[in-house]
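Asker: Okay, here's the structure, questions in a sec.
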Amino acid sequence: AGPGGEDGEVEREESERDPEHGEPRIRHPPRTVEFAPMQEPTFEQHVALAIVVQDGRVLVGRRESGRHLAGLHEFPGGKRAPDEDVRQTLFREFAEEVGVPLVEARPIAPAIRHVYEDRTVVLFAFLCRVDEASLARGLPERWRWVPLADLAGLEFPPANRPFLRFLAGPRTAHG
């Protein structure tokens with residue numbers, strides 16, 4: 001006798017037929033679906049951003065290696081210290097990072113909340129003007145002026161997308 005039967009045929013399991021349509025009824029093994037527990041971001045950061053537009057160009061830099069989202073482009077600014085409001089943060093961080101004082105800062109939108117895997121950021125963006133006399137000294141190496149039309153070709157953190165759309169819209173008073 002051959003494998004499975006007397007005539008050498010392999011035994012086949014007959015599937016049940018759907019009595020209404022005569023089609024084979026497919027049996028699926030029971031499934032267990034496991035969901036990973038939803039993790040809350042570990043902390044929330046309030047960040048002030050300076051969007052400086054001058055002569056159709058905007059000031060951008062690159063996030064340094066070893067930082068969250070390293071290598072992506074960014075606007076000047078930084079994290080709010082516990083003892084300051086976001087406007088104070090804006091002026092402090094801009095002076096620290098760029099070395100040029102801000103002359104004016106106007107909020108451009110309500111705060112934007114963005115949840116990353118490990119943190120939540122709340123971004124406060126301001127359309128800013130800088131002291132032009134101070135610009136004559138130059139900028140630190142990591143900062144450069146980029147034509148507004150070229151922003152779409154740069155990669156920014158996902159949380160910055162609303163501000164990029166703002167800059168792609170009708171030109172600002174400073175641009």
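Asker: For region 109-153, give the magnitude of the charge dipole about the Cα centre (Cβ charges: +1 Lys/Arg, -1 Asp/Glu; no others), in debye to the nearest 20.
Answerer: 80
Asker: Keeping all protein chains in place, calculate the accessible area per residue for region 82-175 (probe 1.4 angstrom), answer in Å².
Answerer: 57
Asker: A further question on this structure: Ranked highest first by average number of other Cβ atoms within 10 Å, how do 45-51, 149-155, 97-103 line up?
Answerer: Descending packing order for the listed peptides: 45-51, 97-103, 149-155.
Asker: Moving on to the next point. Could you give the length gained on full extension between residue 166 and residue 65, defined as 0.36 nm per residue of separation minus the Cα-Cα distance, in nm?
Answerer: 33.6 nm
Asker: Which Cα, out of 146, 95, 109, lies furthest along the positive dipole direction of region 75-152 (beta carbon charges, K/R +1, D/E -1)?
Answerer: 109
Asker: Suppose each label sits 7 Å from its Cα in the direction of the beta carbon; what would the residue 136-residue 148 distance come out to in nanometres?
Answerer: A separation of 2.7 nm, rounded to one decimal place.
Asker: Peptides 53-61, 112-120: what's the order by average Cβ count within 10 Å, highest mean first?
Answerer: Going from most to least packed, we get 53-61, 112-120.
Asker: Same structure, new question: Given a Förster distance of 35 Å, report the FRET efficiency between residue 55 and residue 114 from their Cβ-Cβ distance, rounded to the nearest 0.05.
Answerer: E(calc), rounded to 0.05, equals 0.70.
The values are calculated or read from the model by the stated rules, or taken from the named source; none is laboratory data. As the structure is a prediction and not an experimental result, all values here were calculated from the model. Cβ atoms come from the backbone with ideal geometry, glycine included; neighbour counts cover every protein chain shown. Just the protein is used for accessible areas: all its heavy atoms, side chains included, with ligands, DNA and RNA removed. Shrake-Rupley method; radii C 1.70, N 1.55, O 1.52, S 1.80 Å.
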